[in-house]
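Engineer: This is the structure I want to talk about, given as structure tokens.
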């Protein structure tokens, strides 16, 4: 179930990549072809990008797409790779997610309390929602980290063949 939620979020986020390209093209077209612009449209690029990263981070973790140094890992047995994955999740991923939640909670809470909006008059009035994506990223990564940890424990326990 954990993997299914991440898969659905990740596949949905992929469409945000297309939207990001389309809105960027529109901003450029408006600026250079029509000598006009929209601050709200330009700011929407930040929101789309934040959502793409927030929703895509856990999906990338699920599909083992994050950067890693494979000098030793690729030569390990499946069981040892599972132990490394489990250790990385327990001692790196979970603490980092906890740190992100802990350090950004007040920052996001203040934005919600004052209903923070863009400093630009014609900007988007949803900065508090944008800042909330910081918390969501940590939650989604921890969620998928739990799924990865459970899979690693199963691989260690079951001793999957090479």
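Engineer: Test of understanding: among 78, 113, which residue is surrounded by fewer than 16 Cβ atoms within 10 Å (Cβ to Cβ) and either touching a helix residue (DSSP H, G or I) at 6+ places or on another chain (Cβ under 8 Å) or closer than 19 Å to residue 6 by Cα (or both)?
Structural biologist: On inspection, the qualifying residue turns out to be 78.
Engineer: On to the next question. Consider residue 12 against the criteria (1) surrounded by 11 or more Cβ atoms within 10 Å (Cβ to Cβ); (2) touching a helix residue (DSSP H, G or I) at 6+ places or on another chain (Cβ under 7 Å); (3) more than 30 Å from residue 150 (Cα to Cα): it satisfies all of them except one. Which criterion is unmet?
Structural biologist: (3)
Engineer: Considering only residues of segment 57-79 that are more than 11 Å from the chain's Cα centre (by Cα) and in contact (Cβ under 8 Å) with a residue 60 or more places away in the chain, which is nearest to residue 12 (Cα to Cα)?
Structural biologist: 62
Engineer: Follow-up. Report, by residue number, each residue of segment 50-68 that is surrounded by 14 or more Cβ atoms within 10 Å (Cβ to Cβ) and in contact with a helix residue (DSSP H, G or I) (Cβ under 6 Å, 6 or more places away or on another chain).
Structural biologist: 50, 51, 52, 54, 55, 56, 57, 58, 59, 61, 62
Engineer: Follow-up. If residue 156 satisfies all but one of (1) in contact (Cβ under 8 Å) with a residue 60 or more places away in the chain; (2) within 26 Å of residue 9 (Cα to Cα); (3) part of a helix (DSSP H, G or I), what's the number of the condition it fails?
Structural biologist: Only one criterion is unmet by residue 156, namely (2).
No lab work stands behind these numbers, since they all come straight from the coordinates. As the structure is a computational prediction, the values presented were derived from the model and not from experiment. We place every Cβ from the backbone using ideal geometry, glycine too, and count neighbours over all the protein chains shown.
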